[in-house]
Amino acid sequence: MNAAVCMLDEAAAQYGSRVALEDETEVLTYAQYRGRARSIATALWNRGSGRKPIIMYLPKSAAMVCAFMGAQYAGSPYAPVDSHIPMARLQKIIESLNPGVIVTNGQLAGNLEGIDLLGAQVALIEDLSAAEADEALLRRTLAQVVDSDPIYIMYTSGSTGTPKGVTIPHRGIIDYAGWVVNTFRFDENTVMANQAPFYFDNSTFDIYGSLRCGGKLVLIPDVLMLFPLRLPEFLQEKEITSIFWVPTVMINVANSGALEGIQLPQLKTVAFCGEVMPNKQLNIWRRALPQCTYANLYGPTEITDVCCYYLVDRAFDDADPLPIGRACENMRVVLLTEEGKEAAPGEQGELCVIGSGVALGYWNAPEITAKAFVQNPLSPGYSERMYRTGDLAYWDQDGLLQFCGRKDNQIKLKGNRIELGEIETAAMCISGVENAAAIFDAANEQIVLFVETQGTLPFRKFNLELKRYIPQYMLPAKLIPMEKLPHTANDKIDRVTLRKSLEA
Ligand code: AMP
């Protein structure tokens, strides 16, 4: 298999009349899914996509999944972005990516008017989907793809203020989808309920896992995510067999009381990833739905979603940490000490990953790529790429990995990956701000922004300005203006003092 989209050819050949995708407005069989993707591919190529990246600026929908596959048939990588993305952030992504086409819809297209598209074509998904597929053309475009080519570019928060375009190869997704299906024994009767936004790589579990087994993918309507109490009912109504959600959502459901007395006999797999899952809430799920397999998956965007997993196989007390387990198939994990040696059992080290899921790097950013993607120092005799995650972990007595947090200023807030530096850079764009330091107040799970200014900054007006540069989930919950930010002896911002001031 040279491209992940070949899985769609296989599924359509085997399960053509079975339902593949369902959203609020439509239900598509595998044959329709493939047909739509091939229409989109033909139209993209005819509009001059020319193997350049394609930005997908769309609300989450079955049509957007078809567009991902369409890009692949056309031989291009796709870059999904949030349909609520601030235009200043999209502008940075366009500058990083230099896309051939931006796929959007009639409602969102107007937002693109004020920004420089660098020559990219704007195409409406409605128009692309209506094109007639050119089978001969698509045989040629797909034949040019090899499995080390990029399949997608997913933008994550960047500490310098510019989002980083993680570039994943087809092989990463092909191997990952195979691992997902084998590990959870998925088959054509599997029905998944997608929670993860498509600009977050947890969605690849759903999109490619369901595709690999010929199962059905149901997209949870966005509005429902605001009502955790109603999510179990949705699972019941749609006869969902598997979920892969971010812990924040699982915690909200557990805390809402919605699991009390609910019967979900069809639900078999409950997997989660993206941040620490507390055993307190996991135990509520386990007590309510004891028939399910629970799995703690771990991985950053840079390694094709997941590189470690732990199938929960024993009881844990509420206060116990949950292991992140061991490496998935086709992946290897090593823990490196500060001296670049392998950490001994029990010793903390940086979690580093090798294997087919490792990204090709950050799109068009050789410097940051060279820092994070390095030669494995433990294999000096031959070339072996390794991704340094910046996460700390240790091997416990059972030979399982335990996660211990981060080495740097990257945080997770409600499942969203945030570089505090990106918030600071955005704040500095606002007039009157001379310097800024974003601090994560872990006790209250919120971001506090200290701002050096000689004037006054009304909080709501300030956040409205910030929203022009950064997504809603990055906005600080508190703003503390100061005449001068404290500095350490070597003239760095004294973040320890700032953090302590929050505890006082
Ligand atoms: P993202 O790139 O958005 O998937 O975020 C990756 C980061 O989320 C990792 O580097 C970890 O810091 C954190 N993370 C992912 N999975 C887990 C997990 N199961 N437990 C704890 N932290 C996690």
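The values are calculated or read from the model by the stated rules, or taken from the named source; none is laboratory data. Nothing here was measured: the structure is a model prediction, and the numbers come from that model. In this analysis, Cβ positions are derived from the backbone assuming ideal geometry, glycine residues included, and neighbour counts consider all displayed protein chains. For the accessible areas, the whole protein counts, side chains as well, though only heavy atoms, and no ligand, DNA or RNA atoms are used. Shrake-Rupley method; radii C 1.70, N 1.55, O 1.52, S 1.80 Å.
Solvent-free Debye calculation, one equal scatterer per alpha-carbon of the range 1-146: log10 I(q)/I(0) at 0.14, 0.16, 0.20 Å⁻¹ equals -0.62, -0.81, -1.20. The residues of the range 351-399 expose, per residue, 50 Å² of accessible area to a 1.4 Å probe.
Here LYS412 is the anchor, and the aspartates and glutamates within straight C-alpha reach of less than 15 Å, apart from those fewer than 8 places off in the same chain, are ASP201, GLU275, ASP391, GLU422, ASP441, GLU445. Loop-located GluC sites (Glu not before Pro) in the range 189-286 (DSSP state other than H, G, I, E, B) with a sparse environment of at most 13 neighbouring Cβ atoms within 10 Å: GLU260. Scoring 348-360, 21-33, 483-495 by mean Cβ neighbours within 10 Å over their residues and listing the highest first yields 348-360, 21-33, 483-495. Label separation (LYS467 vs ALA443): 3.0 nm, computed from points 7 Å beyond Cα along the C-beta direction.
Give me the percent of the accessible area of the range 124-249 that comes from carbon and sulfur atoms, probe 1.4 Å, all protein chains in place. Carbon and sulfur atoms account for 49 percent of the accessible area of the range 124-249. Separation of the range 369-401 and the range 467-504 by C-alpha centroid, Å? Between the Cα centres of the range 369-401 and the range 467-504 lies a distance of 32 Å. In the assembled protein chains, TYR199 presents an accessible area of approximately 70 Å² (probe radius 1.4 Å).
Protection proxy ranking, highest mean first, for peptides 472-478, 381-387: 472-478, 381-387, where packing is the per-residue count of other beta-carbon atoms within 10 Å, averaged. The range 207-296 has equivalent-ellipsoid semi-axes of 19, 15, 14 Å, by the square roots of 5 times the alpha carbon gyration tensor eigenvalues, sorted largest first.
Per-atom-type breakdown for the range 1-104 gives carbon and sulfur 47% of the accessible area (1.4 Å probe, protein chains only). Taking a ≥ b ≥ c as the square roots of the eigenvalues of the Cα gyration tensor, the range 149-249 is classed as oblate, since a/c reaches at least 1.5 and a/b does not exceed b/c.
Between the amide H of TYR152 and those of TYR78, ILE168, distances stay under 5 Å, these residues lying 5 or more places away or on another chain, with hydrogens modeled in the peptide plane. For the range 263-316, the per residue solvent-accessible surface stands at 35 Å², with DNA, RNA and ligands left out and a 1.4 Å probe.
Between the range 98-146 and the range 339-354, the C-alpha centres lie 44 angstrom from each other.
Considering only alpha-carbon pairs that sit under 8 angstrom and 6 or more positions apart, the relative contact order computed for the chain is 12 percent. Summarised in one figure, the compactness ratio Rg/Rh of the range 311-413, Cα atoms and Kirkwood Rh, is 0.99. Assuming a ≥ b ≥ c are the square roots of the Cα gyration tensor eigenvalues, decide whether the range 379-432 counts as rounded (a/c under 1.5), prolate (otherwise, with a/b larger than b/c) or oblate. Judged from the Cα gyration tensor, the range 379-432 comes out oblate (a/c at least 1.5, b/c at or above a/b).
Each principal axis of the Cα cloud of the chain was evaluated for its coordinate range; sorted largest first, these ranges are 67, 56, 55 Å.
I need the calculated FRET efficiency for the pair SER17 and THR293, taking r as the beta carbon distance and R₀ as 45 Å, to the nearest 0.05. Efficiency at R0 = 45 Å is approximately 0.95. Atom-type composition of the exposed protein surface of the range 384-478 places 49 percent of the accessible area on carbon and sulfur (1.4 angstrom probe).
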